[in-house]
Each structure stands twice: as structure tokens, then as C-alpha cells.
1. Can you give me the Cα centroid spacing of the range 24-60 and the range 1-21 in angstrom?
2. Would you mind ranking 55, 3 by Cβ crowding within 10 Å, fewest neighbours first?
3. Calculated from DSSP H runs of 4 or more alone, at -39500 (n - 2.57) each and per residue, what is the 222 nm mean residue ellipticity of the chain, nearest 500?
4. Determine the equivalent ellipsoid of the range 2-66 by diagonalising the alpha-carbon gyration tensor, then write out the semi-axes as square roots of 5 times the eigenvalues, largest first, rounded to whole Å.
5. Kindly put 38, 15 in sequence by how many other C-beta atoms sit within 10 Å of each C-beta, fewest to most.
């Protein structure tokens with residue numbers, strides 16, 4: 001769920017950056033574009049974190065089953 005929110009935020013910020021670029025407000029376009037990129041990276045980080053947590057839980061369960 002968190003990943004989806006970050007992706008939506010990244011898309012919205014991209015649209016806003018394009019609007020500012022169209023209005024020739026380059027500094028605002030740069031800031032919103034950068035925030036959009038950060039939102040995308042946070043989405044990717046959230047996805048990796050979820051996969052890592054799931055792998056740790058599986059390994060933990062396997063270790064408990066061996067004992």
C-alpha cells in the first residue's frame with residue numbers, strides 16, 4: 001500500500017513539474033521534479049524493504065522448524 005502511495009505522489013509531482021516547465025518557472029519545475037524522483041525512490045525502497053522483511057520471516061521460520 002505504501003508503495004502505491006509513493007508512486008501516485010511521484011506521478012502527481014511529475015505532472016506539476018511539467019506544468020511549471022510549461023509556465024517557464026524553471027526553479028519550481030526543478031524542485032517538484034526532484035521531489036517526484038525522491039518519491040519514486042521511496043517507492044522502490046518500500047518495495048525492497050517489504051521483500052527483505054518477508055525473506056527474513058521465511059528464514060526465521062525455517063530455523064525454528066529445524067530446532
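1. The range 24-60 and the range 1-21 have Cα centres separated by 12 Å.
2. Working: 55 10, 3 16.
If I rank by nearby Cβ atoms, fewest first, I get 55, 3.
3. On the way: 2 runs with 62 residues, N = 67.
It comes out at -33500 deg cm²/dmol, rounded to the nearest 500.
4. Working: eigenvalues 314, 13, 4 Å².
For the range 2-66, the semi-axes come out at 40, 8, 4 Å.
5. Working: 38 14, 15 11.
Listing 38, 15 from fewest to most nearby Cβ atoms yields 15, 38.
FYI, it's all coordinate maths here, none of it is from the lab. Model, not experiment: these values are computed from the prediction. All Cβ positions, even for glycine, are placed from backbone atoms using ideal geometry, and neighbour counts span all protein chains on display.
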